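The values are calculated or read from the model by the stated rules, or taken from the named source; none is laboratory data. Keep in mind the model is a prediction, meaning the values are calculated, not measured. All Cβ positions, even for glycine, are placed from backbone atoms using ideal geometry, and neighbour counts span all protein chains on display.
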């Protein structure tokens, strides 16, 4: 399993739910703490105000699920599938993702700070107005994704590929254009100045 940011160990679990079919369930209001979910089918589940704290998900299918104002705090996700999953106003602070798939993942609002997504293939995903402070996106593949108005302050984007990624309105202060692929990425005029300065250029008005 990939190392957690700042060397934090995976949370210890106290109970296990294995190979259950929760397909289509409404999990609104449920709370789970230090539970290990193994090969559980959460396809098309939904939840408002659902809380998972220090849980471990292994081989769990979140496909086509939708969570609103929910929390996955300090959870670990190993070989999970998030195809067409939607998180709206959700808190995933301290989450660690390892070997997961994310096709068409959508996040609107919420806090993903300190998440570990090293090497994640987020091509085609959409994040809008999400806080991702100090997130680990080292080597992540973000080609043709949309990260609009995202707070990347302090995030690690070393060797990430942001080619053709829509980054307008996002905080790119921690992005090093020398170590990040940015071909045909879409940025706004203010971001252009930030990146020019990061390249050592002096921007002056004519």
Subset of region 139-159 [closer than 13 Å to residue 114 by Cβ, under 13 Å from the mean Cα position of the chain (by Cα) and outside any strand (DSSP E or B)]: 152, 155
Any chance residue 5 is buried (at least 18 other Cβ atoms within 10 Å of the Cβ), modelled with pLDDT under 95 and not assigned by TED's automatic domain parsing to the domain that holds residue 135: yes
Residues of region 102-138 classified as closer than 25 Å to residue 59 by Cα and assigned to a loop (DSSP other than H, G, I, E, B), total: 20
